[in-house]
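First the structure, in the form of structure tokens, and then the observations on it.
FYI, it's all coordinate maths here, none of it is from the lab. From a predicted model like this one, the values you see are computed outputs, not experimental measurements. Counting neighbours? That spans all protein chains shown, and the Cβs are built from the backbone with ideal geometry, glycine included.
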Amino acid sequence: MQNEWQHTTIGDLCSKITSGGTPKTSNLAFYNDGTIPWLNTKEVNFSRIYRTEKLITEEGLNSSSVKWIPKNSVIVAMYGATAGKVAVNKIPLTTNQACCNLIIDPKKSDYNFVYYYLSQNYLKLLDLANGAAQQNLNSLIIRKFPITLPGVKEQTAIANTLATLDDKIELNRQMNVTLETMAQALFKSWFVDFDPVIDNALAAGNSIPEQLEARAEIRKTLGDQRKPLPDDLQKQFPDRFVLTDEMGWIPESWDVVSLDEIIDLIGGGTPKTSIEEYWTGNIPWFSVVDAPDPSNVFVLKTEKNISEEGLKNSSAKLLPIGTTIISARGTVGKCALVGQPMATNQSCYGIQGKPGIADYFVYYTVLLRVSELQQRGHGSVFNTITRETFRSIKTPICAKHLTTEFHRQIEPYFSRILENNFQIECLSNLRDTLLPKLLSGKLRVPEAEVIIDEQLVEA
């Protein structure tokens, strides 16, 4: 520890500490068409906040204890599952009452340094929480939490060094969002909106069903911007639609089938928890808490790992890369693609396409049907989906070679997403290794910069 580093408290570094509020949820005028970002504590997860899941209106803001929080504040979750976790808001926003919002005085401290310090000392802060049913913090506990730090200039240098890694991580995440959006748009175009079929029907002068007329008009207005598929691929789509009892109008020659007719479900399992050697391996073992952000698509690591012995002595099965995973009990419908071989617990299914049905087509088909699966789940305590639930869902299916072609088209997107995810994991591990050393003064900024530069070159 450097001699010039000083001991103080979080409260002493703040120009203001405040919480938020929740507009009355029953009043739709507080939420509908809202434009004001409103942060829930579940979104506070050691991250930068660029957007929020919910927006509120000016009326909602003025009719509650909600307050504007300036950007670059440090936000600490006080209650529930995320208690003690922190975030930095990169946009002005509002929060609920379970957020403690630290507005850092720039003359006393660098907000990023405080964020990294609290991230590093998360467990120490959480130890101070109270509450029998759940761990709760309060603003007084956070205000009095001790912090040791150098002068502002060195704080900024340390924070900027760590932020270099977070910047790269965020860039990869944003790239993943773009790539996944492109892949999803192609699936929707081919298999939901039937754009290639509409284009063929328009070219052939065939009639367009009423339910597809609006889409056809959009295709017409695009003109040369339609970006038609290569001729050999375009010809693989029909130029007419047929009416079905189950799904309405679908492309001619396509079928309507039960979801279980095109997929195989693979159940999971839990090795005996009392046998320690079953839980000391390196096989990722997926549960719903491991579900990634949808834009990241793939899951690479899990909270718990099992051993080969654990796998052999349970109903868990090793799922190959490209298998779709879906949570099937409790929180139903969380989906991901296997990024490296792994197993799941019994509350999840692995999903593979039947012979000839490509992996990525299966993934997006399941995603498309998640809401139906959730609605058709059952269970008095936990919502549960079973093999019968999949059997009850209808879906249109094209010729198998089109699912393969779709897979081929988006494979470069998903390969890059997977590559980005591995890089994110590598950079996150490096950041977490450097973090305690920089915050304790054991590693100086110039030394850390050399390590980071070497890692970025390798990445």
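For this structure, a couple of remarks:
- Degrees between helix 359-368 axis and first principal axis of the chain (Cα, 0 to 90, nearest 10): 80 degrees
- Full extension of the chain segment joining T148 with D105 gains 13.9 nm, where the gain is 0.36 nm per residue of separation less the Cα-Cα distance.
- Between the helical axis of 213-222 and the longest alpha-carbon principal axis of the chain there is an angle of about 70 degrees.
- Comparing Cα centroids, the range 10-63 and the range 177-245 end up 40 angstrom apart.
- Sequence-separation-based contact order of the range 174-249, relative, with Cα cut under 8 Å and 6+ spacing, percent: 34 percent
- Whichever aspartates and glutamates have a C-alpha closer than 16 Å to that of K90, once near sequence neighbours (fewer than 8 apart) are set aside: E43, E53, D110, D166, D167, E170
- Relative to the current alpha-carbon distance between A29 and E252, full extension at 0.36 nm per residue lengthens the span by 75.7 nm.
- For the range 237-326: relative contact order, % (alpha-carbon pairs under 8 angstrom, 6 or more apart): 26 percent
- Packing-based exposure ordering (other Cβ within 10 Å, fewest first) of Y111, Y122: Y122, Y111
- Charge dipole (debye, nearest 20) of the chain; +1 at Cβ of Lys and Arg, -1 at Cβ of Asp and Glu: 1340 debye
- With contacts taken as Cα pairs under 8 Å at a separation of at least 6 residues, the range 274-410 carries a relative contact order of 21 percent.
- Computed lengthening from N45 to R226, 0.36 nm per intervening residue step minus Cα-Cα distance: 61.1 nm
- Entries of K144/K301; K188/K317; K108/K437; K85/K168; K24/K144 with Cα pairs more than 24 Å apart: K144/K301; K188/K317; K24/K144
- Placing a label point 7 Å from the Cα of L456 along the Cα-to-Cβ direction, no residue of the range 296-340 has its backbone N under 18 Å from that point.
- Two-site FRET efficiency, E217 against E261, from Cβ-Cβ distance with R₀ of 30 Å, rounded to 0.05: 0.30
- If a spin label sat at a point 7 angstrom from the Cα of K304 along the line to its beta carbon, the backbone N atoms of the range 338-358 nearer than 15 Å would be those of 343-348.
- Coupling constants for the range 26-37 follow from the phi torsions by the Karplus curve (6.51 cos²θ - 1.76 cosθ + 1.60, θ = phi - 60°), and in residue order they are 6, 9, 5, 5, 7, 10, 4, 6, x, 10, 9, x Hz; glycine and proline get x.
- Order of F414, F298 - criterion: other Cβ atoms within 10 Å of each residue's Cβ, fewest first: F298, F414
- When the trypsin sites (Lys or Arg not before Pro) in the range 92-135 are filtered for DSSP coil states and for at most 12 other beta-carbon atoms within 10 Å of their beta-carbon, the remaining sites are K107.
- Mean residue ellipticity (222 nm) of the chain, computed from DSSP H runs ≥ 4 via -39,500 (n - 2.57), nearest 500: -11500 deg cm²/dmol
- For C335, C100, order by how many other beta-carbon atoms lie within 10 Å, fewest first: C335, C100
- Paramagnetic reach from K437 (point 7 Å along Cα→Cβ, amide N under 14 Å) across the range 153-197: 162
- Positive-end extreme of charge dipole, the chain - chosen from A316, V381, T94 (charges on Cβ): T94
- Within straight-line cross-link reach of K235, lysines at Cα separation under 17 Å, skipping those fewer than 8 residues along the same chain: K227, K400
- Charge dipole (debye, nearest 20) of the range 259-397; +1 at Cβ of Lys and Arg, -1 at Cβ of Asp and Glu: 340 debye
- With q set to 0.06, 0.11, 0.14 Å⁻¹, the log10 of I(q)/I(0) for the chain, from the Debye formula over equal scatterers at the Cα positions, is -0.35, -1.08, -1.38.
- Degrees, to the nearest 10: 400-440 long Cα axis against longest axis of the chain: 10 degrees
- With a simple spin-label model that places each label point 7 Å from the Cα along the Cα-to-Cβ direction, the separation between A81 and L128 comes to 2.5 nm.
- Inter-label distance for F422 and K354, nm, one decimal - labels placed 7 Å from Cα along Cα-to-Cβ: 3.4 nm
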